[in-house]
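The values are calculated or read from the model by the stated rules, or taken from the named source; none is laboratory data. What you see is a predicted model, and the numbers here were worked out from it, not measured in a lab. Using ideal geometry, Cβ is built from the backbone for each residue, glycine included, and neighbour counts are taken over all protein chains shown.
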Amino acid sequence: MKSNPEANPWEIKNTQKVYANNWIEVSHHEVINPAGQDGIYGVVDFKNLAIGIIPLDENNHTWIVGQYRFPVEKYSWEMPEGGGQIGVDPLLSAQRELLEECGIIAKDWELILEMDLSNSATTEHAILYVARELSFTQAQPEETEELQLRKIPFEELFQMVMRGEVSDAMTIAAVLKLKLLMA
C-alpha cells in the first residue's frame, strides 16, 4: 500500500492544448497511469465557475428556467444558472444571473453546496445558493438565451426531480440538498 493514498498517482509526460475558446480549453495529456503504463488523458478546463440559484419566496415558491440545451440536444427545466468569472466573488455572479434570467433581486443569500460537476474529465466547479427575501424587476436575458420562466412551489420542483423530469445535475443536487436542509 502507498504511504499516502491521496497523493497523485499520475505522471504527466507531455501536455498539448488542442482547442480553446472563451469558455473552455481542451488538453491532451500523455501520461504514465497509476499502473505504471503509458496512457492518455483528455481534460476540459472550464474558464468560469458554474453558478446556480434556487430563489424561494415567503411561501416556498421558486422559479425555474426552461431552455433548449445545445450539447444534449433537448429542452431542460432547471434552476436559474450560468457562469461566473474565476477570481470574482461567486455571490456577485449569482446575483447577476438571478437578475438576468428571472428579474429577481434577493436580500438574503445562503451558500448550500459546492461540487465538481464531472471530475473524471473536466475542471468545472459549481457553487449553488438559495436566495430569499425577493423583489422583482424586468429580466435581462443574454442574447443567446431563449428562456421560459415558471413560478412553482418548491415541493413541485422536488417532485419533478424525483420523477426524473429534471436532468440538470446542478438543479438536482441543489434541490435535494435544500430539501434536506428544510427537513
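Numerical summary
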quantity: Tally of residues being outside any helix (DSSP H, G or I), in contact (Cβ under 8 Å) with a residue 40 or more places away in the chain and aromatic (Phe, Trp, Tyr) across segment 125-177; calculated: 1
quantity: Test: residue in segment 51-61 that is touching a helix residue (DSSP H, G or I) at 6+ places or on another chain (Cβ under 8 Å), surrounded by fewer than 16 Cβ atoms within 10 Å (Cβ to Cβ) and at pLDDT 95 or above; calculated: yes
quantity: Options Gly87, Gly164; residue that is loosely packed, with under 13 Cβ neighbours inside 10 Å, at pLDDT below 95 and at positive phi; calculated: Gly87
quantity: Entirely in segment 17-56, the strands (runs of 3 or more DSSP E) that have 3 or more residues that are under 14 Å from the mean Cα position of the chain (by Cα), in the same structural domain as Leu134 (by TED's automatic domain parsing) and not aromatic (Phe, Trp, Tyr); calculated: 48-55
quantity: Gln95 modelled with pLDDT under 95 and either surrounded by 12 or more Cβ atoms within 10 Å (Cβ to Cβ) or charged (D, E, K, R) (or both); calculated: no
quantity: Extreme residue, nearest to Arg132 (Cα to Cα), among residues of segment 90-104 that are touching a strand residue (DSSP E or B) at 6+ places or on another chain (Cβ under 7 Å) and among the hydrophobic types (A, V, I, L, M, F, W, C); calculated: Ile104
quantity: Only listed residue being farther than 22 Å from Leu49 by Cβ and touching a strand residue (DSSP E or B) at 6+ places or on another chain (Cβ under 6 Å), chosen from Lys179, Lys74, Lys107; calculated: Lys107
